[in-house]
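What follows is a set of notes on a single structure, which appears directly below.
The values are calculated or read from the model by the stated rules, or taken from the named source; none is laboratory data. Small disclaimer: the values here were computed from a predicted structure and weren't measured. Here the Cβ positions follow ideal geometry from the backbone for every residue, glycine too, while neighbour counts run over all protein chains shown. Keep in mind that these areas ignore ligands, DNA and RNA; they rest on the heavy atoms of the full protein, side chains included. Shrake-Rupley method; radii C 1.70, N 1.55, O 1.52, S 1.80 Å.
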Amino acid sequence: MAQAEETGKRHLTADDIYNILLVNDAQISPDAQQVAYVETRVDREKNDYRSSLYLVPAASGQPRRFTTADAQDSYPRWSPTGDRLAFLSNRAGKKQLWVIPAAGGEASQLTDLPQPVNAFTWSPDGTTIAFVSKADSADLEKKDGDEKDKEESDAVRITRLRFRSDGVPGFLDNRPAHIWCVAAEGGAPWQVTSAEQSDGQPAWSPDGQGIAFVSNRTEEWQANNASEIWVTPVRGGEARCVIGGPNASFRQPAWSPDGSQLAIVGHQQAGEGGSRNANVWVVAAGGGEPRSLTAGLDRPTTASVSVDTASGAEEGIVWNEQGIYFPVTDQGSVHIYCVTPGNEPKLVVGGKRRVLSYSLSADGSRLAFAASTPIDPCEVYICDANGAQEERLTDVNGDFMRSVAVSEPQEFHVPSYAEDKRPIHGWLMKPIGFQEGQKYPLILEIHGGPHSSYANAYFHEFQLLAAQGYAVVYTNPRGSQGYGEEFAGCTRGTWGESDMPDVMAAVDYAIAQGFVDESRLGVTGGSYGGFMTNWVVSHSDRFKAAVTQRCVSNMLSFFGTSDIGTGFGIFETNAIPWENPEQFLKMSPLTYAHEITTPLLIIHSEQDYRCPIEQGEQLYVRLKKLGREVEFLRFPGESHGLSRGGKPKHRVERLNAITGWFEGHL
């Protein structure tokens, strides 16, 4: 693990988020001759993000920028014949559907709806595109001036249990998302579904007559977390449920090549959060009992990882003649597997890395994907459908990454301090400029979730701390995904109690390596990692500085103020607050705040609806009243995702605040 500072290489800074290009959504052309992808850049002047589509030859050659608008272009999808690319763009205001000739030329706008378009898919014959929007056909009939001038109240009347969602400013408008269609050559779009509930993730049947989609049309849909699979005729008509019910938690439908079955991702324990493995299942297209194809893996068939430099589309599943392709989170990496009904899943793309997105050519022979490693933010690759003949197609971040000194994490496994001594997986980073014989301060980083995981992927915050002269240790303690369903679920009702022995064992492992000054330990984390930061410093005085970010401090108030509190809160505490308030208080770091002596910086976003800012406020007031050293840094207009998708200036300010707090105390 070479850590010596290399000649000519400078140290990373917080401002380097402006230099990192985010690459994702690799889409191979039907003929496997080129790959389209999205490149997102941070715009310092506009304090925002801009993204463009790029094309790179699948054989060799330089990528070229394909769309040039000063906008956010994303989600490129090839037509079945490969002659056009459809994509989403906000270049005309709201995000709408556009199409551009693959040979180049002007893009044309296919939709102009009063609501944004959020996802789409080509029909098998290339004549039609199905998409998702909150628009309603009644919106298209309204004319300018239909709304009479009238004085309206600015009071908000709420009648539903879910009235906020993190990342959505203000309150939910209760407009359901519908499936729409539009001719690929243009024309008036038509609405396909019109239920009171939201529909999404459309998938065309091979004969082009039906569209599978995801919805929750259970009787108690406003109160539960069910996610069902439905199919509707393309030209409208009665939709039918393929698999559903209050316990269903399925998504990402993909048709078998012959149209007789659907592959889906999920489980049948809706409401049990991220502790359950999402498996790949097959079910008859006409409905019936589903069959899991991946239960034997005991790994989630999703990407359940924490990073601060990523963008793009969610990983999905693809079913072609070779089999069903899907992502798997496994011990800190995200890989691609393939399975055929009746056989065991096979690894296709592995390695110590995180695959972000992938696609297959029309004949199923070639596979393109985007991937990140701990020292490489992301690049585009191509290989055969079985994983052979892998080649790297881009070097988007190469010049920048070669100009800065980075720390390559060293993996380790250490027995937990818990009674079971379960091995805990972690990583240790030496500081940039490391010299044998010197002692360095150490920062413990704790991930959110609790059912997310750290990964073999680039994390700018960690590299920044290493550049500032800190050793960094981070782990996947119990509760993390990628180590089996039992491991992910064993924090239920025991937040802090069950996983603190894991992270403390990792701290002592780092100290035992001989270069850590155990009198200068710091701890930080966000979301559940913020909860754990609060828990650790209220149950240990070993840390000399702490930064808690978007934290949970009071489980009782979290239940009623978080956008997921009423479901997630009950499952994770294994209790109902009005029946067992003692359990909620027992699991609240605020209960133990009088034990906190560690200087604490609280960082929170004012529009965080996942872990509302009152969580940080309560902790701040309690510690102030106790006369402890505490500061509160609030970011206006930001949501729970500040660290990875907030306004760039706020992201830089946040990073500098973290390093500044540790510099002042360690």
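Structure notes:
- Unmet criterion (only one of (1) touching a helix residue (DSSP H, G or I) at 6+ places or on another chain (Cβ under 7 Å); (2) part of a strand (DSSP E or B)) for residue 24: (1)
- Test result for residue 191, open to solvent by 20 Å² or more (accessible area, probe 1.4 Å) and either touching a helix residue (DSSP H, G or I) at 6+ places or on another chain (Cβ under 8 Å) or modelled with pLDDT of 95 or more (or both): yes
- In the set (1) surrounded by fewer than 24 Cβ atoms within 10 Å (Cβ to Cβ); (2) over 30 Å from residue 61 (Cα atoms); (3) touching a residue at least 12 places away in the same chain (Cβ under 8 Å), residue 455 fails one condition alone, (1).
- Residue that is nearest to residue 325 (Cα to Cα), among those in the range 245-271 that are open to solvent by 40 Å² or more (accessible area, probe 1.4 Å) and part of a loop (DSSP other than H, G, I, E, B): 257
- Among the candidates 226, 155, residue that is surrounded by 14 or more Cβ atoms within 10 Å (Cβ to Cβ), among the small types (Gly, Ala, Ser) and over 30 Å from residue 99 (Cβ atoms): 226
- Matching residues, the range 154-184, being touching a strand residue (DSSP E or B) at 6+ places or on another chain (Cβ under 9 Å) and in a loop (DSSP other than H, G, I, E, B): 176, 177, 184
- Residue in the range 198-222 that is least open to solvent (accessible area, probe 1.4 Å), counting only those that are of a type outside the set (Ser, Thr, Tyr), under 27 Å from residue 611 (Cβ atoms) and in a loop (DSSP other than H, G, I, E, B): 216
- Residue pairs whose Cβ atoms lie under 9 Å apart, separated by 6 or more positions or on different chains, with the first residue in the range 459-475 and touching a residue at least 60 places away in the same chain (Cβ under 8 Å) and in a loop (DSSP other than H, G, I, E, B) and the second of a type in the set (Asp, Glu) and crowded, with 24+ Cβ neighbours inside 10 Å, are 459/445.
- Segments classed as helices (runs of 4 or more DSSP H), wholly inside the range 500-601, with at least 2 members that are aliphatic (A, V, I, L, M), open to solvent by less than 10 Å² (accessible area, probe 1.4 Å) and without any contact (Cβ under 8 Å) to a residue 40 or more places away in the chain: none
- Any hit, the range 17-25, residues being farther than 23 Å from residue 382 by Cα, touching a strand residue (DSSP E or B) at 6+ places or on another chain (Cβ under 6 Å) and either among the hydroxyl-bearing types (Ser, Thr, Tyr) or in contact (Cβ under 8 Å) with a residue 40 or more places away in the chain (or both): yes
- Among the conditions (1) part of a helix (DSSP H, G or I); (2) closer than 15 Å to residue 339 by Cβ; (3) not hydroxyl-bearing (Ser, Thr, Tyr), the only one that residue 274 does not satisfy is (2).
- Out of 103, 71, 92, one residue alone is surrounded by fewer than 20 Cβ atoms within 10 Å (Cβ to Cβ), touching a Lys or Arg at 6+ places or on another chain (Cβ under 9 Å) and of a type outside the set (Val, Ile, Thr). It is 71.
- Residue 138 at pLDDT below 95, within 24 Å of residue 177 (Cα to Cα) and either of a type in the set (A, V, I, L, M, F, W, C) or touching a Ser or Thr at 6+ places or on another chain (Cβ under 7 Å) (or both): yes
- Filter result for residue 637 (at pLDDT 95 or above, touching a strand residue (DSSP E or B) at 6+ places or on another chain (Cβ under 9 Å) and closer than 14 Å to residue 531 by Cα): no
- Selection within the range 108-128: residues that are assigned to a strand (DSSP E or B) and under 28 Å from the mean Cα position of the chain (by Cα). The member of this set that is surrounded by the most Cβ atoms within 10 Å (Cβ to Cβ) is 117.
- Checking every residue in the range 129-137 against the condition of being part of a strand (DSSP E or B) and open to solvent by 60 Å² or more (accessible area, probe 1.4 Å) gives zero matches.
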